[in-house]
Amino acid sequence: MAYQIDPDIIVNSVVTSMTSGFMSSLTDKLWAKFLAQFPVVSAKTHGMDCDTMCTDGIYIYYSPDFVRNICLDAMEQKQDKLAEERIKFVLAHELMHIIDRNTAKKREDVVFKIPGPADNAYAVLHDMSNKAQDAVINARLKREFNDGFLPGWSERDEEGNVVKLYKLCLYEGKEEMLWTELFVDACNESVKKISEMMNLDIKSFPDNFFEAIKLFREVFSKLPKDVQQQLADMSQSSQSQSEQSQSEQSQSEQSQSGQSQSEQSQDQSRSQGKGSKKSGNDELAEIIAKAIKDALGGDAALDDHEKNEELFSKGKNHISQTKLDRAMNEIRAEINRSGHKGIGTGAGKTSILISMCERYFRPKPEPWYVGISMLMKSKVQEGRQVRERIPPLEMLSQAMSGVSIVHFDKQCKQLNLAFAVDVSGSMDNEEVLSGVLKILEYIEREIPAGSHGHRFIFCQVDAGVEEWKDMKIPSYEYTEWKDDLAESGFVRKGYGGTEFAPFFKKLNEERVRPDAVVVFSDMGLYDFDVVEKEIEMYNQNVIWLCCSERIPDEFYKYELGRVYETRSLFDEIREEQEMSR
């Protein structure tokens, strides 16, 4: 049975079916966008030492033996289709590692590493952290793949006989659990068991990552040396899953016992020179290991995290990030095509990637002038209606055919535009002036040539509306105001905090609400939530030109319109300043 399975053909078939574009499942379509960017290859063919799966952020590597074992498990359950679904799950698991690696903040990459020394306690802690990360990823993916979730797998010999069983770590608790929180829970559960067995009085258990590690080390050091070594050996064995085998046990005995990897390794160590009777220290190690297993929901990680870390450190991170950005842009396009407009909402009923798309993978905003061009073209209103002079016969023909004989005067399109400028203390005065003049010039170029009567509202906004000018473009008033701005400088009214709700509230009180609103700001708002309520009816008519290097995460939590970057704007300004010098 074992030799009939070709893992390479099976994996290629799964990937091809997902990326072919003929699937009805939105989940498959979205994950396929990732697989198109991160090729799936055999670890054996590429000379990679990999027991299950691993990734370097550019490729996903799989062990042919691991894929074969998944298929054999499914065949024994008489569910051949299940193998394909489970392979989809493990591929998604590896993609989640790429996602997490490229989206984690650099500070967190450093902060949440297990500190040394690299002793027996470190081995146990490091194993718990790896499994906690896997348990949380698996919990999210289980909701995604349902029956395709891989609960565990069997390690087999060349003849297909089971030699070891693995139960995949899976957290089944509150939604959106952080792996660091699960790790702390596992530390505390192990400490509780140790304190019970060793009669230690532990009055409180920390909820902090480093405090939990500190307490674990203190209590762990009180265990007998041989128990410490046993627990460390179990942890290291689980990280390198194919180092030892238990071929003495038959397939039927393995299937009936349902023992986990850690339980089997304990049985083997006890059977070597100790007879069948358990010692007190053996029982102690077993109880502690079980407490950790129960907290993490399993005893095995799906992939080799040490190998992942090694490969990532050697990889080209910028390539990985570029691939990720490209994949997420494809996902956004697929979501729009599928009619899932509410990215980031209701993710529990759809793909996890829909929420992650908005939470983590915001494509770089387009340049500021793109936003203005799109806004002006879509929001300029048609001017007065005119009836063309056409012969009666043609008029009758148009009327009968349903073709309108009423047209708009293309030279009389009128725009109702509001332009708000953030004049809070965080904005640089010179950059505000230069930016405003550049933006005004571009707005004027986008207004249809020869047209007139466009309404233009200019506001300075700080903790409220500091200045409000209502003008026409073109007009003497507008030209004089702009010339004075260029010659005399920008007279800023504010310098305090930033609140834009009063500005939008004032716009709402106008008899005719603006067709388009442009906001030039560093996005350091205090009232995102209130602004959202004020522009609820016309947020797609609002664009934000952000002059900060990074758009605040909070902006994306609300429906506030579209955002564009102005770095290119200031690059132009700096170049001009250099040339003038």
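The values are calculated or read from the model by the stated rules, or taken from the named source; none is laboratory data. Keep in mind that what you see is a predicted model, and the values were worked out from it rather than measured. Glycine gets a Cβ as well: all are built from the backbone with ideal geometry, and neighbour counts include every protein chain shown.
Report yes if some residue within segment 519-530 is acidic (Asp, Glu), farther than 22 Å from SER434 by Cβ and under 40 Å from the mean Cα position of the chain (by Cα); otherwise report no. Explain how you work it out, then say what you get.
Keep residues of segment 519-530 that are acidic (Asp, Glu), which gives 522, 527, 529.
Then keep just the ones that are farther than 22 Å from SER434 by Cβ; that gives 527, 529.
If we keep only those that are under 40 Å from the mean Cα position of the chain (by Cα) as well, we get 527, 529.
Yes, there is a match, as at least one residue in segment 519-530 is acidic (Asp, Glu), farther than 22 Å from SER434 by Cβ and under 40 Å from the mean Cα position of the chain (by Cα).
Of the residues that make up segment 213-229, is at least one within 24 Å of LYS307 (Cα to Cα) and part of a helix (DSSP H, G or I)?
The answer is yes, given that some residue of segment 213-229 is within 24 Å of LYS307 (Cα to Cα) and part of a helix (DSSP H, G or I).
Among (1) part of a strand (DSSP E or B); (2) at positive phi; (3) among the aliphatic types (A, V, I, L, M), which single condition is MET523 missing?
Checking MET523 against (1) part of a strand (DSSP E or B); (2) at positive phi; (3) among the aliphatic types (A, V, I, L, M), the one that fails is (1).
With the condition being under 19 Å from ILE10 (Cα atoms), I'd like the helices (runs of 4 or more DSSP H) fully within segment 71-160 carrying at least 3 qualifying residues.
Working: elements: 80-103, 106-111, 120-145.
Per the criteria, 80-103.
Per-residue answers, yes or no, for (1) surrounded by fewer than 19 Cβ atoms within 10 Å (Cβ to Cβ); (2) aliphatic (A, V, I, L, M); (3) in contact with a Phe, Trp or Tyr (Cβ under 6 Å, 6 or more places away or on another chain); (4) under 15 Å from ILE98 (Cα atoms):
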| site | (1), (2), (3), (4) |
| --- | --- |
| VAL15 | no, yes, no, no |
| SER20 | yes, no, no, no |
| LEU30 | no, yes, no, no |
| ALA36 | yes, yes, no, yes |
| ALA43 | no, yes, yes, no |
| MET48 | yes, yes, yes, no |
| SER63 | no, no, no, no |
| PHE66 | no, no, no, no |
| CYS71 | no, no, no, no |
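Examine segment 518-535 for a residue that is of a type in the set (Lys, Arg), closer than 18 Å to VAL465 by Cβ and at pLDDT 80 or above, and state whether such a residue exists. Please lay out each step first, then the result.
Step one: list which residues in segment 518-535 are of a type in the set (Lys, Arg), which gives 533.
Then drop every residue that is not closer than 18 Å to VAL465 by Cβ, which leaves 533.
Filter once more, keeping what is at pLDDT 80 or above: 533.
Yes, because at least one residue in segment 518-535 is of a type in the set (Lys, Arg), closer than 18 Å to VAL465 by Cβ and at pLDDT 80 or above.
Say whether the condition of being within 26 Å of LEU72 (Cα to Cα), touching a residue at least 24 places away in the same chain (Cβ under 8 Å) and not in a loop (DSSP other than H, G, I, E, B) is met by at least one residue in segment 186-200. If you could, list the steps in order and put the result at the bottom.
The initial filter retains those residues of segment 186-200 that are within 26 Å of LEU72 (Cα to Cα), namely none.
So far as segment 186-200 goes, no, none of its residues is within 26 Å of LEU72 (Cα to Cα), touching a residue at least 24 places away in the same chain (Cβ under 8 Å) and not in a loop (DSSP other than H, G, I, E, B).
Looking at (1) out of contact with any Cys (no Cβ under 7 Å at 6 or more places or on another chain); (2) part of a helix (DSSP H, G or I), can you tell me which one PHE503 breaks?
Single failed check for PHE503: (1).
Considering only segment 157-209, state which residues are closer than 17 Å to ILE288 by Cβ and exposed (fewer than 12 other Cβ atoms within 10 Å of the Cβ). Let's see the steps before the verdict.
Keep residues of segment 157-209 that are closer than 17 Å to ILE288 by Cβ, which gives 169, 183-200, 202, 205.
ASN199, the sole residue that qualifies.
Yes/no per residue for (1) at pLDDT 85 or above; (2) of a type in the set (Lys, Arg); (3) part of a loop (DSSP other than H, G, I, E, B):
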site	(1), (2), (3)
TYR3	no, no, no
ASP8	yes, no, no
ASN12	yes, no, no
SER24	no, no, yes
GLN37	yes, no, yes
LYS44	yes, yes, yes
GLY47	no, no, yes
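When you scan segment 74-94, do you find a residue that is under 18 Å from the mean Cα position of the chain (by Cα) and free of Cβ contacts under 8 Å to residues at least 40 places away in the same chain, even just one?
no
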